[in-house]
1. Could you check Thr5 against (1) over 26 Å from Asn177 (Cβ atoms); (2) part of a loop (DSSP other than H, G, I, E, B) and say which number it fails?
2. Tell me the residue from Asp50, Asp11, Asp23 that is surrounded by fewer than 15 Cβ atoms within 10 Å (Cβ to Cβ), part of a helix (DSSP H, G or I) and not basic (Lys, Arg), please.
3. Can Ile175 be described as outside any helix (DSSP H, G or I), open to solvent by 20 Å² or more (accessible area, probe 1.4 Å) and within 21 Å of Phe112 (Cα to Cα)?
4. Note down all Cβ pairs under 8 Å where the first residue falls in region 58-69 and is among the hydroxyl-bearing types (Ser, Thr, Tyr), the second is open to solvent by less than 90 Å² (accessible area, probe 1.4 Å), and they're at least six residues apart or on different chains.
5. Against the definition (in a helix (DSSP H, G or I), open to solvent by 10 Å² or more (accessible area, probe 1.4 Å), within 22 Å of Ser151 (Cβ to Cβ) and out of contact with any Lys or Arg (no Cβ under 9 Å at 6 or more places or on another chain)), how does Glu38 come out, yes or no?
6. Consider only pairs whose beta carbons are under 9 Å apart and that are at least six residues apart or on different chains; among these, list those whose first residue lies in region 33-51 and is in contact (Cβ under 8 Å) with a residue 12 or more places away in the chain and whose second residue is among the basic types (Lys, Arg).
7. Cβ contacts < 7 Å: first residue open to solvent by 10 Å² or more (accessible area, probe 1.4 Å), restricted to region 82-100; second residue among the charged types (D, E, K, R), any location; separation 6+ or different chain. Result?
8. From the list Glu186, Glu150, Glu129, pick out the single residue that is within 19 Å of Ser92 (Cα to Cα) and surrounded by fewer than 20 Cβ atoms within 10 Å (Cβ to Cβ).
Amino acid sequence: MTQPTYFVEEDKILSALFDEGLDMLHINKPESEPLYAERLLTLLPKGCYDRISVHQHYYLKQEFDLRGIHIDNPQQPVPDGFRKHVTRSTSSISDLKEMKRQHDYVMLHSLFDSLHDKVTASLDFRELENAHRRGLIDKKVYALGGMSLESVQVAKDLGFGGIVICGDLWNRFCIHNEINFHELIEHFKKLKKAVG
């Protein structure tokens, strides 16, 4: 998932991540103008559009022929005209059964403390294990929140179908005064290998 704000080297970093095997990119820029999202998309290779979902400005899905849209609010209805490739977020295990039926996948957040988002883990490990045993956590549920190289194996053991990386990656690059993003790319390679 992207940083919540735009920055100068972003298109170069995202292109390099796609080159290194990034499966899916979620562009999440709350409270941003659509013009900036359009500009970012025009700077990315068209060949990766089918691996990009947007969290805001849903019209971009059609305009750029993107993979899909993501809805952050569990209560928000799916906008008219969007039936394919819709994903959603929730922090409630009880939402998973119904959401998995209606969406490509669901991001279950607040698994671990997240310094990037200043969020404290709200899900209990025993509750997560129980959800996995009951089949609620499976390949259609992705782990979000405080995901790092150290927590990848925990997410795999709990049966998550994937992980969403944000802070663990972006904290390795200062958007204000760095241009060399080599450390970020190297860390992504380690994460990719750990996920398998």
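1. Failed condition: (1).
2. Details: Asp11 fails: surrounded by fewer than 15 Cβ atoms within 10 Å (Cβ to Cβ); Asp23 fails: part of a helix (DSSP H, G or I).
Of Asp50, Asp11, Asp23, the one residue that is surrounded by fewer than 15 Cβ atoms within 10 Å (Cβ to Cβ), part of a helix (DSSP H, G or I) and not basic (Lys, Arg) is Asp50.
3. Numbers: outside any helix (DSSP H, G or I): yes; open to solvent by 20 Å² or more (accessible area, probe 1.4 Å): yes; within 21 Å of Phe112 (Cα to Cα): no.
For Ile175, the condition - outside any helix (DSSP H, G or I), open to solvent by 20 Å² or more (accessible area, probe 1.4 Å) and within 21 Å of Phe112 (Cα to Cα) - is not met.
4. Tyr58/Ile69; Tyr58/Pro79; Tyr58/Phe82; Tyr59/Pro34
5. It is false that Glu38 is in a helix (DSSP H, G or I), open to solvent by 10 Å² or more (accessible area, probe 1.4 Å), within 22 Å of Ser151 (Cβ to Cβ) and out of contact with any Lys or Arg (no Cβ under 9 Å at 6 or more places or on another chain).
6. Tyr36/Lys29; Ala37/Lys29; Leu40/Lys29; Leu43/Lys12; Tyr49/Arg67; Asp50/Arg67; Arg51/Arg67
7. Every condition considered, the pairs that remain are His85/Arg67; His85/Asp104; Ile93/Glu127; Met99/Arg88; Lys100/Lys140.
8. Details: Glu186 fails: within 19 Å of Ser92 (Cα to Cα); Glu150 fails: within 19 Å of Ser92 (Cα to Cα).
Going through Glu186, Glu150, Glu129 in turn, just one is within 19 Å of Ser92 (Cα to Cα) and surrounded by fewer than 20 Cβ atoms within 10 Å (Cβ to Cβ): Glu129.
The values are calculated or read from the model by the stated rules, or taken from the named source; none is laboratory data. As the structure is a computational prediction, the values presented were derived from the model and not from experiment. Glycine gets a Cβ as well: all are built from the backbone with ideal geometry, and neighbour counts include every protein chain shown. Remember, those area values only see protein heavy atoms, side chains included, never the ligands or the DNA or RNA. Shrake-Rupley method; radii C 1.70, N 1.55, O 1.52, S 1.80 Å.
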